[in-house]
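Have a look at the structure below before the remarks.
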Amino acid sequence: MFLHLGGDCDILISDIIFILDSKCSYDLKKASEGIYETINLTEQNPKSIIVTNCDNKFYVYYSPISSITLLKRAGISNPAFLETEVI
């Protein structure tokens, strides 16, 4: 099954490692240089960050769609996974 991340980008749900709210993350762009391929799907501030592993290569997607919406689209409806509070 595929998950639409915004723009023209769809990925396999089975490739997803994690989905973060952009408020919860540190600067993955600096941390990922040379390790991950980054794909920016928005010209504005991203609402979520998705890390995937496809063919033993890691990708970091910056999406305009919120992490809650992406999790719901992926069929993850467990409230424990849908925590929105940033600590």
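The values are calculated or read from the model by the stated rules, or taken from the named source; none is laboratory data. Not measured: the values here are computed from a predicted model. As a convention, Cβ positions derive from the backbone with ideal geometry for all residues, glycine included, and neighbour counts pool all protein chains shown. Side chains are part of the model used for accessible areas, which takes the heavy atoms of the whole protein and leaves out ligands, DNA and RNA. Shrake-Rupley method; radii C 1.70, N 1.55, O 1.52, S 1.80 Å.
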**Request:** Quickly run through region 1-33 and pick out the residues that are within 11 Å of residue 50 (Cβ to Cβ), open to solvent by 70 Å² or more (accessible area, probe 1.4 Å) and either touching a Phe, Trp or Tyr at 6+ places or on another chain (Cβ under 7 Å) or modelled with pLDDT under 90 (or both).
**Result:** 18
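State which residue is nearest to residue 11 (Cα to Cα) when the search covers only region 58-87 and only residues that are assigned to a loop (DSSP other than H, G, I, E, B) and either at pLDDT 75 or above or of a type in the set (Phe, Trp, Tyr) (or both).
Of everything passing the filter in region 58-87, 74 is nearest to residue 11 (Cα to Cα).
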**Request:** Considering only region 34-57, state which residues are under 18 Å from residue 14 (Cβ atoms) and without any contact (Cβ under 8 Å) to a residue 12 or more places away in the chain.
**Result:** 55, 56
**Request:** Out of the residues in region 35-50 that are β-branched (Val, Ile, Thr) and crowded, with 16+ Cβ neighbours inside 10 Å, state the one that is nearest to the chain's Cα centre (by Cα).
**Result:** 50
